[in-house]
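**Q** For reference, the structure I am asking about is given below.
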Amino acid sequence: MKKILIVEDEQHQRELYAMELQEEGYDVDQAANGKEAVDKVKANKYDCVVLDIRMPEMDGIEALGKILSRDKKVPIIIYTAYSNYKSNFMTWTADAYITKSSNLKELKDKIKELVTARS
């Protein structure tokens with residue numbers, strides 16, 4: 001079973017994403033901020049990380065750099081409501097940049113694509 005880390009500060013959103021991905025057959029861990037995400041990546045091996053940008057304690061861009069410094073091969077999807085961060089060169093190191101939508105199909109399709117390509 002492929003293991004996914006969802007990093008999202010909004011609890012209801014995080015739980016919704018986790019539930020939807022569990023229904024797709026993934027083992028899902030959750031983190032409420034970038035610091036928590038970095039700690040989880042240190043302790044676990046993930047097949048994909050879905051990362052919000054605007055979060056307390058440590059934002060997604062800083063977490064992205066720290067996660068990739070630990071594991072350069074883990075696919076990372078930036079999943080944010082803010083399309084303007086796409087021009088930030090740090091976000092270019094992510095495997096995908098998706099603007100949040102009420103329809104999770106694009107996110108699910110990208111996760112499937114990345115974890116399949118990795119295996």
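**Q** Being touching a residue at least 40 places away in the same chain (Cβ under 8 Å) and out of contact with any helix residue (DSSP H, G or I) (no Cβ under 8 Å at 6 or more places or on another chain) is the filter here; which residues of the range 25-45 pass it?
**A** N44, K45
**Q** Would you point out which residue out of E23, E36 is surrounded by fewer than 13 Cβ atoms within 10 Å (Cβ to Cβ), farther than 18 Å from A94 by Cα and of a type in the set (D, E, K, R)?
**A** Of E23, E36, the one residue that is surrounded by fewer than 13 Cβ atoms within 10 Å (Cβ to Cβ), farther than 18 Å from A94 by Cα and of a type in the set (D, E, K, R) is E23.
**Q** Please work out which residue is modelled with the highest pLDDT, limiting yourself to the range 83-104 and to residues that are part of a loop (DSSP other than H, G, I, E, B) and more than 17 Å from K3 (Cα to Cα).
**A** L104
**Q** Still on this structure: Within the range 21-82, considering only strands (runs of 3 or more DSSP E) that don't extend past its boundaries, which have at least 1 residues that are hydroxyl-bearing (S, T, Y)? Let's see the steps before the verdict.
**A** Numbers: elements: 27-31, 48-51, 76-80.
Answer list for the range 21-82: 76-80.
**Q** Right, something else. Those residues that are touching a Phe, Trp or Tyr at 6+ places or on another chain (Cβ under 9 Å) and crowded, with 17+ Cβ neighbours inside 10 Å, I need them from the range 39-59; list them, please.
**A** Within the range 39-59, K40, D47, C48, V50, L51, D52, I53 qualify.
**Q** Looking at the range 1-15 only, could you name the residues that are surrounded by 15 or more Cβ atoms within 10 Å (Cβ to Cβ) and among the aliphatic types (A, V, I, L, M)?
**A** I4, L5, I6, V7
The values are calculated or read from the model by the stated rules, or taken from the named source; none is laboratory data. In this text the structure is predicted, and so the values were computed from the model without any measurement. In this analysis, Cβ positions are derived from the backbone assuming ideal geometry, glycine residues included, and neighbour counts consider all displayed protein chains.
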